[in-house]
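*Asks:* Have a look at the structure that comes next, please.
The values are calculated or read from the model by the stated rules, or taken from the named source; none is laboratory data. What you are looking at is a predicted structure, and each value in this text was computed from that prediction instead of being measured. Every residue, glycine among them, receives a Cβ derived from its backbone with ideal geometry; neighbour counts consider all protein chains shown. Areas reflect the complete protein model, heavy atoms only, side chains present, ligands, DNA and RNA absent. Shrake-Rupley method; radii C 1.70, N 1.55, O 1.52, S 1.80 Å.
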Amino acid sequence: MNKTILALNAGSSSVKFGICDIDHAGGPTMAARGSLEFGPSARIKAKAEDGKSLVDRAIPHGDREGVIGALLDWIETEFDGREISACGHRIVHGGTSFFDPVLLTPEHIDAVEALAPLSPLHQPGSVAPIRAIAKLRPQLRQIGCFDTAFHRTIDPPASRFALPRGYEERGIRRYGFHGLSFESIASRLAAEGKADRRTVVAHLGNGASLCAMRYGRSLDTTMGFSALDGLVMGTRCGTLDPGVLLHLLQHDKMTPDDLQQMLYEKSGLLGVSGISADMRELEASADPRAREAIELFVFRAAREIAALANTLGGLDGLVFTAGIGEKSSAVRKAICDRLSWLGIALDENANLAHAPLVSAAASTIEVKVMPADEEIVISRHVLEVIGAI
């Protein structure tokens with residue numbers, strides 16, 4: 001019977017998962033990837049690494065517990081009778097308490113849930129699968145892996161807000177997110193012998209952020225205290241003058257809940273275009289508002305890449321990852337065109353083909369396209385923890 005790690009990567013309405021077998025060398029080997037959908041259209045989908053469909057099944061009980069229970073049953077009884085040794089979870093926020101992967105005891109689960117005010121729309125989605133599995137399989141070891149942890153190496157001044165110092169002592173600082181994605185890219189750069197290069201990684205998807213890294217360490221990032229900061233995103237605004245928030249609160253009499261919904265769910269590409277949060281739909285649209293939304297997305301990304309190059313004291317590499325970063329040749333080209341003064345030059349054919357290397361031979365900065373593998377990173381962290389128990 002194969003010993004297996006289940007890696008859960010929770011979103012607000014769905015969960016991606018990876019099923020990783022523990023090979024003879026002790027490392028994780030991906031056996032299958034899939035997704036869980038909740039609600040009226042609840043479903044389990046999974047494919048093997050060769051693309052073969054393993055399961056595509058509607059689930060009659062669409063709540064999280066019912067869907068996750070169905071996944072556990074399928075793995076243990078139908079997917080070659082695998083035995084789940086442990087389950088790893090991506091948790092968005094670790095606050096000032098969690099900087100390393102941790103075995104999730106009941107006390108730790110409560111502590112993670114208590115961080116919800118720091119990430120109100122993401123943390124509950126991280127915790128819900130943990131509580132469901134604790135109820136369904138109380139003996140199954142669960143390990144929390146924190147998106148903020150990779151950025152623990154960011155020091156002042158990059159980590160600091162210009163607020164009265166007492167607020168920083170209370171934990172109001174720049175944390176950074178998408179850490180598991182950035183950690184995945186850092187490990188690949190190290191495997192290529194390029195960890196010493198000054199690199200900006202652009203995680204561009206519905207959520208988007210940049211990370212300045214060197215020697216596998218995060219030195220600066222565009223997201224700060226919350227996942228609202230930095231770049232324009234699918235439905236999130238990114239960096240915003242706080243005076244705008246004061247104006248909306250004081251003069252438009254918006255409630256905090258209304259403001260939160262607007263900033264997280266109605267802004268970004270969706271808000272500017274009035275059409276869609278999906279870059280693919282905007283690129284296909286002839287509406288000038290779609291073009292304006294894309295232009296703002298590109299402008300802000302290029303500006304922040306240049307700012308992170310300043311943090312690094314120069315730039316040797318630029319890596320695009322996540323949905324937009326990996327699949328939109330037009331966005332990559334537009335960003336790189338704005339950065340041509342840095343010495344970036346794209347190979348047009350390679351870029352159109354989404355090749356791993358898209359920079360031209362004459363480019364002084366190497367530009368790559370790399371898929372991140374958060375589920376493998378989670379599985380590695382799980383092995384680090386359960387190996388020490």
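*Asks:* So which residues in region 5-27 are modelled with pLDDT of 90 or more and among the polar types (S, T, N, Q)? Reasoning before the result, please.
*Replies:* Filtering region 5-27 for residues modelled with pLDDT of 90 or more gives 5-9, 16-20.
Hit for region 5-27 is 9, nothing else.
*Asks:* Just checking, how many residues over region 270-282 are surrounded by 15 or more Cβ atoms within 10 Å (Cβ to Cβ) and over 21 Å from the mean Cα position of the chain (by Cα)?
*Replies:* Filtering region 270-282 down to residues surrounded by 15 or more Cβ atoms within 10 Å (Cβ to Cβ) leaves 270-273, 275-279, 282.
This time we only want the ones that are over 21 Å from the mean Cα position of the chain (by Cα), so: 271-273, 275, 282.
The total comes to 5.
Yes/no matrix, rows are residues, columns are (1) under 20 Å from the mean Cα position of the chain (by Cα); (2) assigned to a helix (DSSP H, G or I):
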{"site": "300", "(1), (2)": "yes, yes"}
{"site": "306", "(1), (2)": "no, yes"}
{"site": "336", "(1), (2)": "no, yes"}
{"site": "344", "(1), (2)": "no, no"}
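*Asks:* Across region 229-283, which residue is farthest from residue 209 (Cα to Cα) among those that are in contact with a helix residue (DSSP H, G or I) (Cβ under 7 Å, 6 or more places away or on another chain) and of a type in the set (Gly, Ala, Ser)?
*Replies:* 274
*Asks:* Conditions: (1) part of a strand (DSSP E or B); (2) surrounded by fewer than 21 Cβ atoms within 10 Å (Cβ to Cβ). Residue 4 meets all but one. Number of the miss?
*Replies:* (2)
*Asks:* Would you say residue 175 is open to solvent by 30 Å² or more (accessible area, probe 1.4 Å) and of a type in the set (Phe, Trp, Tyr)? It would help to see each step written out before you state the result.
*Replies:* On the way: open to solvent by 30 Å² or more (accessible area, probe 1.4 Å): no; of a type in the set (Phe, Trp, Tyr): yes.
Criteria not met by residue 175.
Table: residues versus (1) under 19 Å from residue 221 (Cα atoms); (2) surrounded by fewer than 21 Cβ atoms within 10 Å (Cβ to Cβ); (3) among the aromatic types (Phe, Trp, Tyr).
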{"residue": "287", "(1), (2), (3)": "no, yes, no"}
{"residue": "299", "(1), (2), (3)": "yes, yes, yes"}
{"residue": "310", "(1), (2), (3)": "yes, yes, no"}
{"residue": "318", "(1), (2), (3)": "yes, no, no"}
{"residue": "325", "(1), (2), (3)": "yes, no, no"}
{"residue": "335", "(1), (2), (3)": "yes, no, no"}
{"residue": "338", "(1), (2), (3)": "no, yes, no"}
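*Asks:* Residue under question is residue 364, and the condition is that it be under 24 Å from residue 153 (Cβ atoms) and at pLDDT 95 or above; does it hold? So that I can check it myself, show each step before the final result.
*Replies:* Values: under 24 Å from residue 153 (Cβ atoms): no; at pLDDT 95 or above: yes.
No, not satisfied.
*Asks:* So in region 346-373, with the set limited to residues that are within 21 Å of the chain's Cα centre (by Cα) and open to solvent by 20 Å² or more (accessible area, probe 1.4 Å), which one is farthest from residue 318 (Cα to Cα)?
*Replies:* First, the residues of region 346-373 that are within 21 Å of the chain's Cα centre (by Cα): 354, 356, 367-373.
Add one more test, that the residue is open to solvent by 20 Å² or more (accessible area, probe 1.4 Å), and what stays is 354, 356, 368, 371-373.
On the way: 354: 14, 356: 12, 368: 6, 371: 13, 372: 14, 373: 18 Å.
So, considering only residues that are within 21 Å of the chain's Cα centre (by Cα) and open to solvent by 20 Å² or more (accessible area, probe 1.4 Å), the one farthest from residue 318 (Cα to Cα) is 373.
*Asks:* Here is a check on your reading of the model: is residue 262 out of contact with any Lys or Arg (no Cβ under 8 Å at 6 or more places or on another chain), part of a helix (DSSP H, G or I) and open to solvent by 20 Å² or more (accessible area, probe 1.4 Å)? Show your work before the answer.
*Replies:* Details: out of contact with any Lys or Arg (no Cβ under 8 Å at 6 or more places or on another chain): yes; part of a helix (DSSP H, G or I): yes; open to solvent by 20 Å² or more (accessible area, probe 1.4 Å): yes.
For residue 262, the condition - out of contact with any Lys or Arg (no Cβ under 8 Å at 6 or more places or on another chain), part of a helix (DSSP H, G or I) and open to solvent by 20 Å² or more (accessible area, probe 1.4 Å) - is met.
*Asks:* Next question. Among the residues of region 187-226, write down those that are among the small types (Gly, Ala, Ser) and touching a Leu at 6+ places or on another chain (Cβ under 8 Å). Before you say what the answer is, go through the steps one by one.
*Replies:* Here is the first cut: in region 187-226, the ones among the small types (Gly, Ala, Ser) are 187, 190-191, 193, 195, 202, 205, 207-209, 212, 216, 218, 224, 226.
Listed by number, the residues that qualify are 195, 202, 208, 209, 212, 216, 226.
*Asks:* Which one is farthest from residue 378 (Cα to Cα), of the residues in region 85-113 that are of a type outside the set (Gly, Ala, Ser), open to solvent by 40 Å² or more (accessible area, probe 1.4 Å) and assigned to a loop (DSSP other than H, G, I, E, B)?
*Replies:* Of everything passing the filter in region 85-113, 96 is farthest from residue 378 (Cα to Cα).
*Asks:* May I pose another question? Report yes if residue 189 is among the aliphatic types (A, V, I, L, M) and either touching a Pro at 6+ places or on another chain (Cβ under 6 Å) or open to solvent by less than 40 Å² (accessible area, probe 1.4 Å) (or both), otherwise no.
*Replies:* Numbers: among the aliphatic types (A, V, I, L, M): yes; either touching a Pro at 6+ places or on another chain (Cβ under 6 Å) or open to solvent by less than 40 Å² (accessible area, probe 1.4 Å) (or both): yes.
Answer is yes for this residue.
*Asks:* Right, another one. Could you say which residue among 267, 226, 218 is touching a Cys at 6+ places or on another chain (Cβ under 7 Å), closer than 25 Å to residue 179 by Cα and either touching a residue at least 40 places away in the same chain (Cβ under 8 Å) or open to solvent by 60 Å² or more (accessible area, probe 1.4 Å) (or both)? Step through it out loud before you land on a result.
*Replies:* Values: 267 fails: either touching a residue at least 40 places away in the same chain (Cβ under 8 Å) or open to solvent by 60 Å² or more (accessible area, probe 1.4 Å) (or both); 226 fails: touching a Cys at 6+ places or on another chain (Cβ under 7 Å).
Answer to the check: 218.
*Asks:* Filter region 132-152 down to residues that are more than 19 Å from residue 379 (Cα to Cα) and more than 18 Å from the chain's Cα centre (by Cα) and give me whichever is least open to solvent (accessible area, probe 1.4 Å).
*Replies:* Among residues in region 132-152 that are more than 19 Å from residue 379 (Cα to Cα) and more than 18 Å from the chain's Cα centre (by Cα), the one least open to solvent (accessible area, probe 1.4 Å) is 132.
*Asks:* Could you tell me which numbered condition residue 197 fails, if it satisfies all but one of (1) touching a residue at least 40 places away in the same chain (Cβ under 8 Å); (2) open to solvent by less than 50 Å² (accessible area, probe 1.4 Å); (3) touching a strand residue (DSSP E or B) at 6+ places or on another chain (Cβ under 8 Å); (4) not acidic (Asp, Glu)?
*Replies:* (2)
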